[in-house]
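A quick write-up on the structure given underneath.
The values are calculated or read from the model by the stated rules, or taken from the named source; none is laboratory data. Since the model is a prediction, treat every value here as computed from it, not as a measurement. Heads up, the Cβs are rebuilt from the backbone with ideal geometry, glycines too, and the neighbour counts pull from every protein chain shown. All accessible areas refer to the heavy atoms of the entire protein, side chains included, with ligands and DNA or RNA removed. Shrake-Rupley method; radii C 1.70, N 1.55, O 1.52, S 1.80 Å.
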Amino acid sequence: MSEGLNFEGWSCPLPLRDHPNIVMGHGGGGKLSAELVEHLFLPAFADSGAVDMGDAALIAVGGAHLAFSTDSFVVRPLFFPGGNIGELAVNGTINDIAMRGAQPLVLSAGFILEEGLPLDQLAAIARSMGAAARRASVTLVAGDTKVVDRGHGDGVYINTSGFGIVPEGIDIGPTRAQPGDAIIVSGTIGDHGIAILSVREGLEFGATVESDTAPLNGLVADLLDETRNIHVLRDPTRGGVASALNEIARASQVGMVIDERNLPVQDAVRAACELLGMDPLYVANEGKLIAIAPASDAERLLARMRAHPLGRQAAIIGRVTADHPGLVAARTGIGGTRIVDMMVGEQLPRIC
């Protein structure tokens, strides 16, 4: 047992106690990640009762409310179908801020470069970051660069942080889902994870699957223009739609029921998941959002999503219920029901 840490004194359930050292699953967005944050970082950093675990923190400054987020990107490979680590880093932090209903304004970027990284690769990554920021009307205003010895990195790791302004009257957060709400997803799920897997492992699935990496702040602005009565927004990245819904169900202490027949999944992604024994509900996305809103507003929001280029394949996939609080259930294609739990680790590491 490590010096200075008394694992027997922790209140967390297994499997965290079974791992006195960090394992890859701690970075996967599943149960191991959640336990690491809840039982190690939060007690060390802050009063856990004051943290709602949203995609971005809300900070009151004078009369304004800011949404602030930070994220680090270690995706392998650096370049993949549909994007690269640079635009992924910019879009990822923009989306975290947008999930609070905020309009992102500025970003910072920190680079950890490995000795030997070709400068033309770094230049391509930097150009894509600048282009992604301009597309989202966001400015990169600060940065930092460090270099590590050859063999002690993986080309480049990037951290991005940023903030945006939350408009007056917007109250969106993971604790606000209510029984009767509709659950909407903005498009096909699992695209990013399968795109990474295909190039990493050299697999072909009959059609090229591209990452869905994209900035969602424009889509969110359109939704809020339609109605401000949106309870929760979440971009289902690591751990996919399943993990995101589980986190919301537990934070809001509600149950959720989704219909697998309504899930939008590309044929190539579905085929890849069937071949590899994966579930698209748990595969990462980088340009999709989940919106939870009153059922009375669901059709209007769905129509507004489908009118936006990033939401053309949006679908209502389920509803929030007062039954089985903290749990997510799915109706299967053959009429049965299964529990959709949060994964312990991850199906595919290093996807963002």
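Look at the stretch 295-314: where a residue is more than 19 Å from ASP235 (Cβ to Cβ) and a partner is hydroxyl-bearing (Ser, Thr, Tyr), sitting 6+ places away or on another chain with Cβ atoms under 8 Å, you get ASP297/THR227; ARG300/THR227. Please determine whether any residue of the stretch 108-130 is under 30 Å from ARG176 (Cβ atoms) and buried (at least 16 other Cβ atoms within 10 Å of the Cβ). Checked the stretch 108-130: at least one residue is under 30 Å from ARG176 (Cβ atoms) and buried (at least 16 other Cβ atoms within 10 Å of the Cβ).
Restricting attention to the stretch 131-144, the residues that are assigned to a helix (DSSP H, G or I) and surrounded by 14 or more Cβ atoms within 10 Å (Cβ to Cβ) add up to 3.
Pairs are defined by a Cβ separation below 6 Å, a sequence spacing of at least 6 or placement on different chains, a first member in the stretch 86-112 that is farther than 27 Å from ASP225 by Cα, and a second member that is in a strand (DSSP E or B) and of a type in the set (D, E, K, R); the pairs so defined are GLY110/ASP144; ILE112/LYS146.
Residues of the stretch 59-89 that are modelled with pLDDT under 95 and open to solvent by 50 Å² or more (accessible area, probe 1.4 Å): ILE59, ALA60, VAL61, GLY62, GLY63, HIS65, ARG76.
Taking the conditions exactly as written (assigned to a helix (DSSP H, G or I) and not hydrophobic (A, V, I, L, M, F, W, C)), does ASP96 satisfy them or not? Spelling it out, ASP96 is indeed assigned to a helix (DSSP H, G or I) and not hydrophobic (A, V, I, L, M, F, W, C). Residues in the stretch 299-315 that are open to solvent by 10 Å² or more (accessible area, probe 1.4 Å) and within 19 Å of the chain's Cα centre (by Cα): LEU310, GLN313, ALA315.
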